[in-house]
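Reading through the structure tokens given below for one structure.
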Amino acid sequence: MSHATDTLTIRELEDVRYDAVVSQDYDAFKSLCHPDLAYSHSSGDTDTLESYLEKIRSGFYVYHEIEHPIDFVRVIGDVALVVGEMNARITAGGRPKRLRNRCLAVWKYSNSGWQLLAYQPTPLSADAGDTHTLDTGWPPSSKNRERR
């Protein structure tokens with residue numbers, strides 16, 4: 001494994017996974033995930049792979065638009081950390097929301113290739129001029145991002 005190649009691969013996989021949930025291609029999303037996925041939400045809830053798939057397939061979570069600028073990717077052995085943002089227009093439990101989150105995604109390399117093992121968003125505070133559920137405009141402004 002080459003760190004430069006792995007970093008590019010992880011960036012591409014991040015695009016694919018977000019595109020999959022927006023386009024409602026949940027089989028594609030599942031194929032990217034580790035069976036032991038821990039998928040946390042900005043609400044504080046955490047899902048397993050199966051419970052998250054159940055929620056997105058049932059329409060509890062509907063992703064309309066996602067922007068996910070990446071600050072950096074760090075590959076350490078067979079683990080990759082992706083730090084950035086997840087900004088989205090979604091419907092959650094029947095309620096429209098706009099999300100502004102800092103996030104950490106953890107990818108693990110195995111015989112199956114790179115798989116998403118964990119995801120953790122943190123809502124950006126209103127003190128920073130951002131809101132978690134109110135309409136603040138789209139897309140959010142970019143700050144200090146690594147270029148692809």
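What follows draws every value from the coordinates through simple rules; no lab data is involved. Here the structure is a predicted model, which is why all the values come from computation and not from measurement. Note that each Cβ is placed from the backbone with ideal geometry, even for glycine, and that neighbours are counted across all protein chains shown.
Miscellaneous remarks
- Placed amide H near A38: partners under 5 Å, 5+ positions off or other chain: A118, Y119
- Compactness index (Cα Rg / 2.2 N^0.38 Å), the range 3-124: 0.99
- Counting 0.36 nm for each residue step from F60 to A28 and taking away their Cα separation leaves a gain of 9.7 nm.
- Each residue of the range 58-74 is assigned a 3J(HN,Hα), and the resulting list reads 7, x, 4, 10, 10, 9, 8, 7, 9, 10, 9, x, 9, 6, 6, 10, 10 Hz, derived from the Karplus form 6.51 cos²θ - 1.76 cosθ + 1.60 (θ = phi - 60°), x at Gly and Pro.
- Full extension of the chain segment joining S43 with N111 gains 21.2 nm, where the gain is 0.36 nm per residue of separation less the Cα-Cα distance.
- Nonlocal amide H pairs with V79, under 5 Å, H built at 1.01 Å: Y109
- Working note: Karplus 6.51/-1.76/1.60 with θ = phi - 60° gives the range 12-22 the couplings 5, 5, 4, 4, 4, 5, 5, 4, 5, 6, 5 Hz, where Gly and Pro are set to x.
- Scalar couplings 3J(HN,Hα) for the range 91-100, obtained by applying the Karplus form with A = 6.51, B = -1.76, C = 1.60 to θ = phi - 60°, are 10, 10, x, x, 10, x, 9, 10, 10, 10 Hz; x denotes Gly and Pro.
- Model label points for D36 and D78, set 7 angstrom from Cα along the Cα-to-Cβ axis, are 1.1 nm apart.
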